[in-house]
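Read the figures in this text as sums done on the coordinates, not as results from a lab. Given the structure is predicted, the values throughout are model-derived calculations rather than measurements. Every residue, glycine as well, gets a Cβ built from its backbone with ideal geometry; the counts of neighbours run over all protein chains shown.
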Amino acid sequence: MSSGKTTLGKKLARSLGYRFKDLDKLIEQDQNTDIPSIFAEKGEAYFRDVESRLLKSIPVNGSIVLASGGGTPCFFDNMEFIKKLGISIFLDVPAHSLAKRIENHGKDDRPILSGAQSLAETLQNKIDERRPYYAQADFSLHGELDVTHLLEKLKPLL
Ligand SMILES: Nc1ncnc2c1ncn2[C@@H]1O[C@H](COP(=O)(O)OP(=O)(O)OP(=O)(O)O)[C@@H](O)[C@H]1O
Ligand SMILES: O=C(O)C1=C[C@@H](O)[C@@H](O)[C@H](O)C1
Ligand SMILES: [Mg+2]
C-alpha cells in the first residue's frame, strides 16, 4: 500500500537487467478489469484466489523483479512460495507516511482501505496484523529513504 514497491522494483529491475512484473497489474489483465471492481463484484475471497494462482505462475529464478500486492504474503502459502521464488524484500514504511502518500495520490483505489475513518489508524492495524508475514522476507528496508539510497542499500545484498 504505497510502500514504494513499484517505484523501487522498476529501478531495481533496470539496474539488474531483469524484467519487472507487478502482480496487481497481472491480476487486472487476467480479469480484464480493475481491482476495485473485482472486490466489488466478486469479493475479496475470489480476488485472493486469483492473486495466489497468478503469483504461482511466476517462474522461479526467472530474472524477474516482482512487486507483489500489499496483502499477497498474508494469504494461503503465498509467503512460502515467495521465499522459493527468490530474494524477498519488505519495504517497511510507518503508517503515518503511508497515509500521507495515499492522501497525496488522492484516488480511492484500495478496497481494503475505502471508507476508513482514520487512514493512519487503519493502516497501522493492517501493518500490525500483517507484520508476522512481512517479517519473513529475506530483507527489511526502511522504505522512507529516497529510492536512490534504497537501491544502494539493496545492491550489495543481492
Ligand atoms: N522511497 C520513496 N520515498 C518517498 N516516496 C516514495 C518512495 N517510493 C515511492 N514513493 C511515492 O509513494 C507513492 C507510492 O509509490 P508506489 O506506487 O511505488 O508504491 P506501491 O507500493 O507500488 O503502491 P501500491 O500499493 O499502490 O502498488 C508514489 O506517489 C511514489 O512517488
Ligand atoms: O493490501 C492489500 O490487501 C491490497 C493491496 C493492493 O496492492 C491490491 O493487491 C489490493 O488492493 C489489496
Ligand atoms: Mg504498485
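Just the residues that are in contact (Cβ under 8 Å) with a residue 12 or more places away in the chain, surrounded by 14 or more Cβ atoms within 10 Å (Cβ to Cβ) and part of a loop (DSSP other than H, G, I, E, B), please, taken from region 12-55.
Tyr18
Among Ser68, Ser57, which is the only one that is of a type in the set (Ser, Thr, Tyr) and under 13 Å from the mean Cα position of the chain (by Cα)?
Matching residue, one of Ser68, Ser57: Ser68.
Examine region 142-156 for a residue that is out of contact with any strand residue (DSSP E or B) (no Cβ under 7 Å at 6 or more places or on another chain), in contact (Cβ under 8 Å) with a residue 12 or more places away in the chain and part of a loop (DSSP other than H, G, I, E, B), and state whether such a residue exists.
yes
Which condition does Pro59 not pass, out of (1) away from ligand 3 (no atom under 15 Å from the Cβ); (2) part of a strand (DSSP E or B), if it passes all the others?
(2)
Let's see how each residue does on (1) buried (at least 16 other Cβ atoms within 10 Å of the Cβ); (2) farther than 14 Å from Gly4 by Cα:
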position: Pro73; (1), (2): yes, yes
position: Asn78; (1), (2): yes, yes
position: Lys83; (1), (2): no, yes
position: Ser88; (1), (2): yes, yes
position: His96; (1), (2): no, yes
position: Ile102; (1), (2): yes, no
position: Gly115; (1), (2): no, yes
position: Ser118; (1), (2): no, yes
